[in-house]
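Q: One structure is given below, represented as structure tokens, and several questions about it will come after.
Please treat every number below as a calculation from the coordinates, not as lab data. These figures come from a predicted structure and were not determined experimentally. We place every Cβ from the backbone using ideal geometry, glycine too, and count neighbours over all the protein chains shown.
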Amino acid sequence: MASMTENSSAAGTARVECPTAKDPYIRMLIVGIVMIGWGLLSGYDALVKKDNSGNRVYSLDNKPSHFLFNLGMFGLLPPAGIVALVWAQRIRRRRLVADEEGLGYVGREKIAWGRLQRLVPRGKGLLDVYYAAADGTQRRLKLDSWMLKNFNDLAKFIEAKAPNVPVGEE
């Protein structure tokens, strides 16, 4: 997908949309698939696998620690893998939007440009945005170029929308 920066001359507004990059999603997807696969293989080893003579390879009579380990992995890893797959979908669907109103993830509270307090660059591709929350506390929004597409467009947009916000160290 090309740059998501759009300029609408009719409304006089600008908008930068940053969907999630593919790398975090793919990594979490792989973790979930491996966990489910390992758990099912462990269940097969504990409950089904037989040797050439027809005896179960692992049982409570023969190597109980192996049997219990495999049964435990069968009980723990597939549910954890399902949680990882759900988390991967959550990562995939996140989108950060910056427009005339402010900055924020879709479906969450938007941070108005006037509430920004400080921008702290933390190396290449990392930016912490400190802002005043609705309850008066200071909060931090972490922006990471590895997690977000169009990070450079977003950084330029934030710089243009909040020119008086101090940039510096924590």
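Q: Just want the answer: with Cβ charges of +1 for Lys and Arg and -1 for Asp and Glu, which residue in Ala21, Gly37, Ala160 is farthest toward the dipole's positive end in the chain?
A: Looking along the dipole axis, the top candidate is Gly37.
Q: Under a crude label model (7 Å from the Cα following the beta-carbon direction), how far is Ser65 from Ile26 in nanometres?
A: Simple spin-label model gives 4.0 nm for this pair.
Q: So how far apart, in nm, are the two label points at Lys110 and Trp38 if each is 7 Å from Cα heading toward Cβ?
A: Rounded to a tenth, the inter-label distance reads 4.3 nm.
Q: Nearest 20 debye, what's the magnitude of the dipole of the range 23-93 about its Cα centre given +1 on Lys and Arg Cβ and -1 on Asp and Glu Cβ? Each step should come with its number before you reach the end.
A: Values: 8 positive and 4 negative charges, 55 e Å.
It works out to roughly 260 debye.
Q: Now, a different point. What order do you get for Lys50, Lys63 when you list them from fewest to most C-beta neighbours inside 10 Å? If you can, show how the numbers build up before the last one.
A: Numbers: Lys50 9, Lys63 13.
Lowest to highest Cβ neighbour count: Lys50, Lys63.
Q: Shifting gears a bit: State, to one decimal in nm, how far the label point of Arg15 lies from the label point of Arg139, with both points 7 Å from Cα in the Cβ direction.
A: A separation of 2.2 nm, rounded to one decimal place.
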